[in-house]
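Working notes, structure below.
The values are calculated or read from the model by the stated rules, or taken from the named source; none is laboratory data. Keep in mind the model is a prediction, meaning the values are calculated, not measured. Every residue, glycine as well, gets a Cβ built from its backbone with ideal geometry; the counts of neighbours run over all protein chains shown.
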Amino acid sequence: MQVYLVGGAVRDEQLGIPPKERDWCVVGATPDELLRLGYKPVGKDFPVFLHPETNEEYALARTERKTGAGYHGFAFHTDPDVTIEDDLGRRDLTINALAKDEQGKLIDPYGGAADIANRIIRHVSDAFAEDPVRILRAAKFAARFASRGFTIAPATRDLMRQMVDAGEASALVPDRVWKETEAALAGPNPRVFFETLRSCRALAVVYPEIDALFGVPQPSQWHPEVDTGIHTMMVLEQAAQLSDDVDVRFAGLVHDLGKATTPKDEWPSHPGHETRGKRIIDSLAERLPLPRACRDLAQIVAEFHTHCHRAGELRNKTLVKVLEKTDAFRRPERFEKFLLACEADARGRTSFENRDYPQADLLRNAFSAAAGVDSSAIAQRHQGKDIPDAIRRARITAVASSRKAA
């Protein structure tokens, strides 16, 4: 029995990145042998075990054969005669098809180390085309390592496009689409993930709502970049600079989805795109397993981002309404995320990237003033339906006073 460190941990070592987790491949063993050694089985489709002491994953070396469409259409073969080279050959990208033996020797049958040195993301073999998830994974790694100069090899991008044209991307299951998207949103340069998907035509399949934004014009006075799709990518980039939070980044990504449904005779204006965008996010959440917090923030950003941009023009009554509608008093942490997403939207425009965004502080000050109202004391002086109105009036008065003082 030989044990090899495999995959991402070896890749990251080559890049000088401390590995976050380690995966191991076992050659020359059977499931019964690992069980006798105390390993705990966890794999459903193929034998994967947890080490009895470290709890790290140990998988038996395996090969695979395509048996049907999509992510689950594979038959796996594990046997003591499967080599480490065989196992690495089934992996997606050469940079992930690396292993180290117990003496620390690098096992690199597919040129992964050279591709790391040359900053190339390349498929291991034509078997890449058998699994549509690899389209998402290639895009995710392109985003993760973009700042290190990595780009997708032209042949790999062509293969990804051929897979999409062959209908393979349509077999992607919602859970896996969101899992890879969430990982890309959590990492550096998430904009590259979506641009990569668009370059191989996969964006129109997995996120048609986002793809539909490209080619939709906006007023050049406020959007020198004009194209809504380009603006969306710029907003995502700004959101990634402002926050590491996936919810904020996703909200920036989908805040303008309603503009794709604006009748062309109304272009470049987009009246009512806010409420239309909120409905599209509802549909998106029905298709994909979005976390509730992610969905809810996206909805309030879609519906109220233009209110935030116009905060200085809003009446005190309207400011309080925005605070109430965004549930700022019960969820102040989420309200702060709302402001960050709105700031990303304001800065995600050509030549607007470094502009100040005083609207956020104006709303923060309004919230601070309104939140200082003693709701309990007001409730003791009023009854029933009069209580909410009395609290609202007191909040409006507090906001008005704070704005005068400023």
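Give 165, 131, 158 a once-over and let me know the one that is at pLDDT below 95 and out of contact with any Pro (no Cβ under 6 Å at 6 or more places or on another chain).
131
Given the options 349, 334, name the one that is under 29 Å from residue 218 (Cβ atoms), surrounded by 15 or more Cβ atoms within 10 Å (Cβ to Cβ) and touching a Pro at 6+ places or on another chain (Cβ under 7 Å). Even if it seems obvious, please write down each step before you answer.
Values: 334 fails: touching a Pro at 6+ places or on another chain (Cβ under 7 Å).
Going through 349, 334 in turn, just one is under 29 Å from residue 218 (Cβ atoms), surrounded by 15 or more Cβ atoms within 10 Å (Cβ to Cβ) and touching a Pro at 6+ places or on another chain (Cβ under 7 Å): 349.
Having 3 or more residues that are touching a Pro at 6+ places or on another chain (Cβ under 9 Å) and touching a residue at least 12 places away in the same chain (Cβ under 8 Å) is the bar; report the helices (runs of 4 or more DSSP H) wholly within segment 179-247 that clear it.
Here the list reads 228-242.
Based on this model, can you work out whether residue 187 counts as on the phi > 0 side of the Ramachandran plot and not aliphatic (A, V, I, L, M)?
Judged against the criteria, residue 187 is not a match.
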Scope segment 249-294; condition in a helix (DSSP H, G or I) and in contact with a Lys or Arg (Cβ under 6 Å, 6 or more places away or on another chain); matching residues:
258, 261, 273, 285
For segment 145-157, indicate whether the set of residues that are more than 30 Å from residue 40 (Cβ to Cβ) and assigned by TED's automatic domain parsing to the domain that holds residue 6 is non-empty.
no
Tell me, yes or no, whether segment 15-37 has at least one residue that is part of a helix (DSSP H, G or I) and within 26 Å of the chain's Cα centre (by Cα).
yes
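Taking the conditions exactly as written (within 14 Å of the chain's Cα centre (by Cα), surrounded by fewer than 23 Cβ atoms within 10 Å (Cβ to Cβ) and on the phi < 0 side of the Ramachandran plot), does residue 271 satisfy them or not?
So residue 271 does not fit the description; no.
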In the set 103, 2, the lone residue that is among the polar types (S, T, N, Q) and loosely packed, with under 13 Cβ neighbours inside 10 Å is 103
Which members of segment 162-175 meet the condition of being closer than 12 Å to residue 131 by Cα and in a helix (DSSP H, G or I)?
163, 164, 168, 169, 170, 171
For the subset of segment 67-83 comprising residues that are under 33 Å from the mean Cα position of the chain (by Cα) and of a type in the set (A, V, I, L, M, F, W, C), which member is modelled with the highest pLDDT?
76
Being on the phi > 0 side of the Ramachandran plot and surrounded by fewer than 17 Cβ atoms within 10 Å (Cβ to Cβ), is that true of even one residue in segment 166-180?
yes
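Here is a check on your reading of the model: is residue 145 among the aromatic types (Phe, Trp, Tyr) and over 30 Å from residue 286 (Cα atoms)?
For residue 145, the condition - among the aromatic types (Phe, Trp, Tyr) and over 30 Å from residue 286 (Cα atoms) - is met.
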